[in-house]
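Trainee: Encoded as structure tokens, here's the structure I'll be asking about.
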Ligand code: SF4
């Protein structure tokens, strides 16, 4: 990038001006990672100071049986396949109750598109979970699943959402977004939910008072311009509804060997390498800079490892995905050395050691509890700091 353009972009960022599509693409073209981090950190600090949010949550997948075969997905199983499972309502409750420790505030539930489960199963599970765990917020279902419920029930999303909300739904999840650009999307996604339906369902959820996350799957066959296009669409929708609480760039996981049956389900593996940590940090930074109307950018540490998660806090991220005991979709693929569990205390240490103040939040990003800011730099120098691996 030439010095003139660099200066121009810097001036725009420091003046708080909205960046254009061309600006986003220019930022991705820069290899000056420290510079990108500085700009993103400026924007992040303006919005969130030195606070880093987290929540104490658990992931639950009711079924891995799915009619679709998305090219990147190692989670899905076909009916009758080894390791295919579907939880009965009581099993889901039993599983959730096992996770009840350490003041859980949120259950995150996403599932395969099961071919024969009736639509009524889903509100029934939500009601049973809400009865068993009344203080836990239920963040459930991707827009893809909601569209699937439309198909299997014959009901419009409007009525589907009303019933789910009545059963206890607090938020949709941000999944199913992947990459909205059709050229790329048709090569990796194997279901009928594309930008038009994804945005329709989130818009509807926002109209009903839900606040939802938005994701982007990056580091596969897309190019930086597709990532810019993705966040531009989200920015426009956010201008309209204001209902998104956070943006979550999800790193595509490449190495998809299923340890149970040895089948490699990832059909784009030969064409892909996975984003490097530097590319991930760049993606966090550019996303933070482009999405001026999103309050938060999240790093889902399971996909990055703890070192990159900690570094991401200097590249625009101000939210770490919480305390996860089981996360099947990624850990079926590969654990990348990340631990299976991460508890409140681990997160506090990780955030404070990076120089930020931890703030526990709920699903709607309301503050549950503020923790101490990190010790002073002088104190920090006296003590060896933990290195997260
Ligand atoms: S990403 Fe979701 S919809 Fe696609 S195959 Fe996997 S479980 Fe099914």
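The values are calculated or read from the model by the stated rules, or taken from the named source; none is laboratory data. All figures in this text were calculated on a predicted structure; none of them were measured in a lab. Don't worry about glycine lacking a Cβ; one is built from the backbone with ideal geometry, like all the others, and counts go over all protein chains shown.
Trainee: Return a yes/no flag: does region 206-218 have any residue that is within 16 Å of the ligand (Cβ to nearest atom) and farther than 16 Å from residue 288 by Cα.
Mentor: No, region 206-218 contains no residue that is within 16 Å of the ligand (Cβ to nearest atom) and farther than 16 Å from residue 288 by Cα.
Trainee: Cβ-Cβ under 8 Å, sequence separation 6+ or interchain: first residue in region 144-158 and closer than 20 Å to residue 179 by Cβ, partner more than 13 Å from the ligand (Cβ to nearest atom) and not in a helix (DSSP H, G or I). Which pairs?
Mentor: Here the result reads 146/172, each pair linking region 144-158 to a residue that is more than 13 Å from the ligand (Cβ to nearest atom) and not in a helix (DSSP H, G or I).
Trainee: Could you list all residues from region 81-108 that are within 16 Å of the ligand (Cβ to nearest atom) and more than 22 Å from the chain's Cα centre (by Cα)? It would help to see each step written out before you state the result.
Mentor: Applying the first criterion (within 16 Å of the ligand (Cβ to nearest atom)) to region 81-108 yields 81, 83-87, 108.
Within region 81-108, 81, 83, 84, 85, 86, 87 qualify.
Trainee: State all residues of region 255-287 that are within 20 Å of the chain's Cα centre (by Cα), at pLDDT 75 or above, on the phi < 0 side of the Ramachandran plot and surrounded by fewer than 20 Cβ atoms within 10 Å (Cβ to Cβ); if no residue qualifies, say none.
Mentor: Correct list: 276, 277, 278, 279.
Trainee: Keeping to region 140-168, report how many residues are over 17 Å from residue 89 (Cβ atoms) and away from the ligand (no atom under 16 Å from the Cβ).
Mentor: 11
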